[in-house]
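In what follows, a single structure is set out as structure tokens and then discussed.
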Amino acid sequence: MNDFGHDKPGFAYTLKALSMAQKMGLFVAPWTADNKFEHAKAFTAWALASWLSLQGYYYFKPPCLLDIPASALPDVDESPDWYSEITLSYDSDQHAFPMGFGYGMKALCELRVIQNEIGIMCFGRSATNKKMPWGAALHIQAKMEAWYEALPVALQPRSIFHPSHLILHCEYL
């Protein structure tokens, strides 16, 4: 995590990027028959939404994006090509090891949706942060627990092997 975009010029560029994304229709439902274009649009929308949620949540700022992208994230097992894959190769071994990028991206985006919801509740546009009502806190807790329980086997604590998987668990805690 870094603080790029949190000085005045950087934040202006962040808002400009969001404005451009909205003008391009990244966050709206598919509107063309071009599957490749719609895939690129949805993938970019989820990546941008995830990054914006991270920035708002960790810096206690009001979320720039108040809603998630219109295109749902597909199931990784049913649509692995949607996410693609990243493999690691080591000089001492001829095998390529898949990192499970799709599982990590989907889980991270789902976590960011919850974090964005927290930001909407707690980091309003007023000068003071709001306290989360008890009922809302219980609702968020239930969502977090459901998210954790739904993690695929590749991201469960006994299976993680990559630093990004560990970071995902640290963010949950």
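The values are calculated or read from the model by the stated rules, or taken from the named source; none is laboratory data. Keep in mind it's a predicted model, so treat the numbers as computed, not measured. As a convention, Cβ positions derive from the backbone with ideal geometry for all residues, glycine included, and neighbour counts pool all protein chains shown.
Overview of results
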| read-out | value |
| --- | --- |
| Looking only at the range 139-173, and only at residues there that are among the charged types (D, E, K, R) and without any contact (Cβ under 8 Å) to a residue 40 or more places away in the chain, the one that is nearest to residue 75 (Cα to Cα) | 149 |
| Matching option when the condition is at positive phi, under 17 Å from the mean Cα position of the chain (by Cα) and either of a type in the set (A, V, I, L, M, F, W, C) or surrounded by 13 or more Cβ atoms within 10 Å (Cβ to Cβ) (or both), among 25, 104, 100 | 100 |
| Filter result (more than 16 Å from the chain's Cα centre (by Cα) and surrounded by 12 or more Cβ atoms within 10 Å (Cβ to Cβ)) within the range 63-92 | 79, 80, 85, 86, 88 |
| Unmet requirement for residue 96, which otherwise passes all of (1) at pLDDT 95 or above; (2) among the small types (Gly, Ala, Ser); (3) touching a strand residue (DSSP E or B) at 6+ places or on another chain (Cβ under 6 Å) | (1) |
| Subset of the range 107-159 (residues that are polar (S, T, N, Q) and closer than 21 Å to residue 69 by Cβ) | 115, 116 |
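Conditions (1) within 24 Å of residue 56 (Cα to Cα); (2) within 19 Å of the chain's Cα centre (by Cα); (3) loosely packed, with under 11 Cβ neighbours inside 10 Å, marked per residue:
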position: 134; (1), (2), (3): yes, no, yes
position: 142; (1), (2), (3): yes, yes, yes
position: 146; (1), (2), (3): yes, yes, no
position: 152; (1), (2), (3): no, yes, no
position: 157; (1), (2), (3): no, no, yes
position: 162; (1), (2), (3): no, yes, no
position: 165; (1), (2), (3): yes, yes, no
